[in-house]
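Here is the structure we will look at.
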Amino acid sequence: MASELPEYYFRVRENGAAVFKIDTENRQRRIEMDQIAVINIRNGEVKPQGQRTLTDADKAEIARWMEARKALLAQRDIDDIHRAVDYLNLTTQWAQSKATPEQLEEVTDRLLLAMHDLRTVLVRKKADRFSKE
């Protein structure tokens, strides 16, 4: 391979990752992946695999990955919200210029309820922020 492989590999799962240690220093020069732990990003739990004891280096790399993953997920969340604003604008344009009466009938109530719910939460949260200032 042209570049050196990392020492650890994190297979992302829904709530975290399976952590593997990469080994290429064997007789066949094959890539071997030894699972060393499973991590839960939501609660910070790290479970060593089998009877394994994690080294300080293992723990440090897992902690580094978890912090980077949390930052990435937080960035994705805000990106999703920015996209939702764009979708709302595109939906407004669609409703105004392209939607048929049948299409509007199909989605109007659901959209109005969702927008009402969102508006209620946003107004309450904004009022909470103002009252704390």
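Quick check: is even one residue across segment 79-89 under 25 Å from Glu14 (Cβ atoms), without any contact (Cβ under 8 Å) to a residue 24 or more places away in the chain and of a type in the set (Val, Ile, Thr)? Checked against the condition, which is being under 25 Å from Glu14 (Cβ atoms), without any contact (Cβ under 8 Å) to a residue 24 or more places away in the chain and of a type in the set (Val, Ile, Thr), segment 79-89 yields at least one hit. Please work out which residue is farthest from Ile81 (Cα to Cα), limiting yourself to segment 91-124 and to residues that are assigned to a helix (DSSP H, G or I) and among the charged types (D, E, K, R). The selected residue is Glu102. Restricting segment 11-37 to residues that are in contact with an Asp or Glu (Cβ under 9 Å, 6 or more places away or on another chain) and closer than 17 Å to Arg64 by Cβ, which is surrounded by the fewest Cβ atoms within 10 Å (Cβ to Cβ)? In this case the residue turns out to be Ile22.
Tyr9: of a type in the set (Ser, Thr, Tyr), more than 12 Å from the chain's Cα centre (by Cα) and not in a strand (DSSP E or B), yes or no? Criteria not met by Tyr9.
If you filter segment 50-68 down to residues that are modelled with pLDDT of 95 or more and closer than 14 Å to Phe20 by Cβ, you find that the one that is nearest to the chain's Cα centre (by Cα) is Trp65.
The values are calculated or read from the model by the stated rules, or taken from the named source; none is laboratory data. Computed from a predicted structure; not experimentally measured. Reconstructed Cβ throughout: ideal geometry from the backbone, glycine too, with neighbour counts over all protein chains shown.
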